[in-house]
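The values are calculated or read from the model by the stated rules, or taken from the named source; none is laboratory data. Given the structure is predicted, the values throughout are model-derived calculations rather than measurements. Cβ placement follows ideal geometry from the backbone for every residue including glycine, while neighbour counts extend to all protein chains displayed.
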Amino acid sequence: MSDPESSKKESIYRGIAVSPGVVRGHLYVYRPEEVAVEKRSIRDEDLAGEFARLEQAVIKTRQQLIDIPQHIGREMGNDKPGIFDAHLLVLDDPMLMEQVFKRLKSEKLNVEFIVQEVSDQYVQALSKVEDTFMRERAADMRDVGRRILRNLVGAEHDELQRLPGPRIVLAQDFSPSDTALMDRSKVLGFAAEMGSRTSHTAILARSQGIPAVVGLHEFGREIASGQEALLDGYSGLLIVNPTEQTLFEYGQIEIRWHSIEERLGQLRLEPARTRDGCVIRLGANIELEEEVKTAVEHGAQGVGLYRTEYLFLNRQTLPTEDEQFTSYSNVARAMKPHEVIIRTLDVGGDKMLVAGEHTREANPFLGWRGVRFCLDQPDMFKTQLRAILRASVEGNIKMMYPMISDLQEVKRANELLNVCREELRREGKPFSEQLEVGLMIEVPGAAMIADVLAEHTSFFSIGTNDLIQYSIAVDRGNERVAHLYAPTHPAILRLIKNVVAAARAKNIWVGVCGEMAGDPVMVPLVLGLGVTELSVSAVALPAVKYIIRNMNMADAQALAEQALRCGATGDIAIQLETFARSIAPDLMELVKPGKSKP
Ligand code: PEP
Ligand code: MG
């Protein structure tokens, strides 16, 4: 028997913080109840009627899948975001419909029962696969199957469009169509059992500035709609039935956060300049064109990393040169005169293309990804390079190659770039001859040969997310070793120092665009090591600017020297935290609450 009081007990669930902010409110538990489907035999003469019902349901589903992107487009001010192409792809899969038709004929059971069985089989088979990409296809399949079923039985789809009031919405997982249809004016925050930093929910939440925590694992049935909760998008916590004490503590945090937010807001147009006068270029990371608006609102003075792969994911065909040109130009124009650093396609790892050549690999992060993938497909790569070159006259564009591990890759990529330049000259299409081309340093081997690479680049941008996971052999997606994923590992400091030294010798600059740059505690170290450009997610930007404006570069350099002398990851972390607390105690108490917090 469950204790009635237990539902009132405070429960704390830990997950991955993917979009910052703390919200308090009532929960809305979204468990799209499995549509009740009964099993019925049908007569031969009813078969045609069942086929017709299925056809109608599929037509209706297709229309909904076409309408959803238009809805998002209106919300985000974009004509046709491509993120639902994968659903249409599932719907159009001839195998799926063939199976349904075949079983309908042979088993003579009602069509909703057959649809449910077939789609469940697909989902189960796909979700057992280890490959992240294939597992994401399971979510698409579940979403489409659910839609067809609901259309067959005439159930409602728009539960999330009619939230009873402002709510923290909780689900096992949110499909892209769920997030698209939600009434965002009523969504206080997202909490999901599944998901990662790069899942759709995370991207949309960040771009909308909605706090979100994903990867909460099973939170079970003890959580119900209407319960009170706190969602902490900084620390990755969902606190259900918070106690008076917790509410009080977070209430205090909220008050302080609002006051600091006001101060941070006032810095929007101010430069990221240290107390002793060093100006740091502070840009935003974006994944979608639409995020430029949020970036500007948060005071970004440029885009330091435009992850172009989101233009390529979840769709059946590769984006054309013109489509890419339009996206890159839009971002460049919106940011003008500030710079936009476009990263060439970085698929592979956990981001696999639907269109194109991707196949399963045993070790995808050590496999066919980033610039390697592009160099093996010169036509596809050239299409992107041409689009970037053409867009370079529309604003202040720079470009960089991801996952460089060897000089040869740089040379081959630049050769292709030169071919594109030649072609465009011949075609009389304008492009900027001055387009600067940089390299991402994400592979330890590349950091070690930074002196060699520096001869062939205009700048370095260090991708610490990958650099850390490769340097200390920690898959950051693997919970068992997540505690070992440490930006303060001495190896990381030494690699950054090595890259900066090589760059200085050639008079080029170094930036950091991994998550490390968005952590206010890490910022003084990174800058003290000699990095002069940071690119961070838009929502992290104000806090990073605040810490920069509160520090002296001379102190940050001393801090970096002290940290470089230290051999212990944990001790370095303590040194950095102590420094950050000493220069911005109010901010630190919010982003890294003291030991009293859960
Ligand atoms: C990185 O690796 O730090 C980076 C910025 O690239 P991504 O997170 O897209 O792999
Ligand atoms: Mg990377």
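Please work out if residue 299 is within 27 Å of the chain's Cα centre (by Cα), at pLDDT 90 or above and in a loop (DSSP other than H, G, I, E, B). Yes, satisfied. Scanning the stretch 462-474 for any residue that is hydrophobic (A, V, I, L, M, F, W, C), in a helix (DSSP H, G or I) and within 16 Å of ligand 1 (Cβ to nearest atom) turns up at least one such residue.
If you filter the stretch 456-470 down to residues that are closer than 27 Å to residue 383 by Cβ and either among the hydroxyl-bearing types (Ser, Thr, Tyr) or crowded, with 23+ Cβ neighbours inside 10 Å (or both), you find that the one that is modelled with the lowest pLDDT is 466.
Out of curiosity, is residue 432 hydroxyl-bearing (Ser, Thr, Tyr) and away from ligand 2 (no atom under 16 Å from the Cβ)?
yes
Looking at the structure I just gave you, is residue 49 at pLDDT 85 or above and in contact with a His (Cβ under 8 Å, 6 or more places away or on another chain)? Judged against the criteria, residue 49 is not a match.
With respect to (1) modelled with pLDDT of 95 or more; (2) within 16 Å of ligand 1 (Cβ to nearest atom); (3) more than 18 Å from residue 402 (Cα to Cα); (4) not aliphatic (A, V, I, L, M), the lone exception for residue 518 is condition (1).
If the condition is being crowded, with 16+ Cβ neighbours inside 10 Å, more than 16 Å from ligand 2 (Cβ to nearest atom) and part of a loop (DSSP other than H, G, I, E, B), then the stretch 392-428 contributes 392, 394, 395, 406. The set of residues in the stretch 429-455 being surrounded by fewer than 20 Cβ atoms within 10 Å (Cβ to Cβ), away from ligand 1 (no atom under 16 Å from the Cβ) and in a helix (DSSP H, G or I) consists of 448, 451, 452.
Would you be able to say whether some residue in the stretch 366-380 is more than 22 Å from residue 317 (Cβ to Cβ), touching a residue at least 40 places away in the same chain (Cβ under 8 Å), within 16 Å of ligand 2 (Cβ to nearest atom) and not in a helix (DSSP H, G or I)? No, the stretch 366-380 contains no residue that is more than 22 Å from residue 317 (Cβ to Cβ), touching a residue at least 40 places away in the same chain (Cβ under 8 Å), within 16 Å of ligand 2 (Cβ to nearest atom) and not in a helix (DSSP H, G or I). Within the bounds of the stretch 357-365, is there any residue that is within 16 Å of ligand 1 (Cβ to nearest atom), in a helix (DSSP H, G or I) and in the same structural domain as residue 509 (by TED's automatic domain parsing)? The answer is yes; a qualifying residue exists. Tallying residues that are more than 12 Å from residue 416 (Cα to Cα) and of a type in the set (S, T, N, Q) within the stretch 378-393 yields 1.
Remark: pairs (first residue in the stretch 436-447, over 14 Å from residue 469 (Cα atoms) and aliphatic (A, V, I, L, M); second residue part of a helix (DSSP H, G or I) and more than 12 Å from ligand 2 (Cβ to nearest atom); Cβ separation under 6 Å; 6+ apart in sequence or on different chains) = 439/453.
Residue-wise test of (1) over 23 Å from residue 304 (Cα atoms); (2) in contact with a strand residue (DSSP E or B) (Cβ under 8 Å, 6 or more places away or on another chain); (3) away from ligand 2 (no atom under 16 Å from the Cβ); (4) in contact (Cβ under 8 Å) with a residue 60 or more places away in the chain.
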| position | (1), (2), (3), (4) |
| --- | --- |
| 465 | no, no, no, no |
| 500 | no, yes, yes, no |
| 532 | no, yes, yes, yes |
| 540 | no, no, yes, yes |
| 547 | no, no, yes, no |
| 553 | no, no, yes, yes |
| 565 | yes, no, yes, no |
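Total residues in the stretch 318-355 satisfying the condition of being over 23 Å from residue 535 (Cα atoms) and either in contact with a Leu (Cβ under 6 Å, 6 or more places away or on another chain) or within 16 Å of ligand 1 (Cβ to nearest atom) (or both): the figure is 4.
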